[in-house]
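Input: a single structure, listed below in structure tokens.
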Amino acid sequence: MSNTLLHPDGWLVLGLPWPEQTRDGWGECALAIAPQMIPRSLVSKEAGIALDFARSLARDPGDGPGKAVFFSDVTLWLDKQGKDWGDLGIDYEAVINELVGAPVPQLYMTLMQKAHAILCDASREGLRLYYPGGEVEHVTEQVRADVHTAITTSLERDWPPYIQGLIDRGAFQTQ
């Protein structure tokens, strides 16, 4: 079995709607997929482009956010190139919905609400969080990097046993 199944070169992390039911500020609100594991024949051309961008960013230590690439990171990267999804003829919401529904290994993640907001943020200026009492926090690049690190650490810990479990149950073919 290929070690890249258990330890892919990166993940694309999709923000899902914040759940109505949460537990102490935590909710199942993200989904990770490994772009290299997804045969492009299973997804549309548009979804394949998003996966290729994410894989490229995960492998580029200079321009990328690290191994856990948020969909919002790809959007921000496109913005730095002077483009957006529409310029590529891509409906990004349709791509997200397609990837969430794709018949591929997907690891659902539970995050704190603040981490979820950062995961989903593709604003140029960075996210501003408003708290009761009037406090405002401007999310810095370092805070965003810390969320990337935490999610990467979680995926590096949880992905291998998840995939191994799929293989052991025969739910995922290694060929």
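The values are calculated or read from the model by the stated rules, or taken from the named source; none is laboratory data. Please read all numbers here as calculations on a predicted model, not as lab measurements. Virtual Cβ from ideal backbone geometry, glycine too; neighbours counted across all protein chains shown. Remember, those area values only see protein heavy atoms, side chains included, never the ligands or the DNA or RNA. Shrake-Rupley method; radii C 1.70, N 1.55, O 1.52, S 1.80 Å.
Inverting the mean 1/r over all pairs of different Cα atoms, compute the Kirkwood radius of the chain and quote it in Å. Before the final figure, lay out each step's value.
Working: mean 1/r = 0.0592 Å⁻¹.
Computed over the chain, the radius equals 16.9 Å.
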Provide the per residue accessible area, probe 1.4 Å, for segment 109-175, rounded to a whole number of square angstrom.
-> 63 Å²
Work out the charge dipole of segment 28-129 with +1 on the Cβ of Lys and Arg and -1 on the Cβ of Asp and Glu about the Cα centre, then indicate which of ALA94, ILE33, VAL74 is farthest towards its positive end.
-> ILE33
Which trypsin sites (Lys or Arg not before Pro) in segment 130-175 pass both tests, a DSSP loop state and at most 14 other beta-carbon atoms within 10 Å?
-> ARG169
Could you work out how far the C-alpha centroid of segment 65-116 sits from that of segment 123-164, in angstrom?
-> 14 Å
Relative to the Cα centre, what is the charge dipole magnitude of the chain, using +1 at the beta carbon of each Lys and Arg, -1 at the beta carbon of each Asp and Glu, and rounding to the nearest 20 debye?
-> 400 debye
Set of lysines with alpha-carbon distance to LYS83 below 21 Å, sequence-local pairs under 8 removed | LYS45
Within segment 84-151, DSSP-loop GluC sites (Glu not before Pro) with at most 14 other C-beta atoms within 10 Å are GLU125, GLU135
Considering the dipole of the chain built from charges on the beta carbon (Lys and Arg +1, Asp and Glu -1) around the Cα centre, which of PRO65, TRP11, ALA171 is farthest to its positive end?
-> ALA171
Per the helix-only model, the chain has a calculated mean residue ellipticity at 222 nm (DSSP H runs of ≥4, -39500 (n - 2.57) each, divided over all residues, rounded to the nearest 500) of -13500 deg cm²/dmol
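Leaving ligands, DNA and RNA out of it, report the carbon-plus-sulfur percent of the accessible area of the chain at a 1.4 Å probe. Walk me through the intermediate numbers first.
Numbers: 4880 of 9730 Å².
With neighbouring chains kept in place, the figure for the chain is 50 percent.
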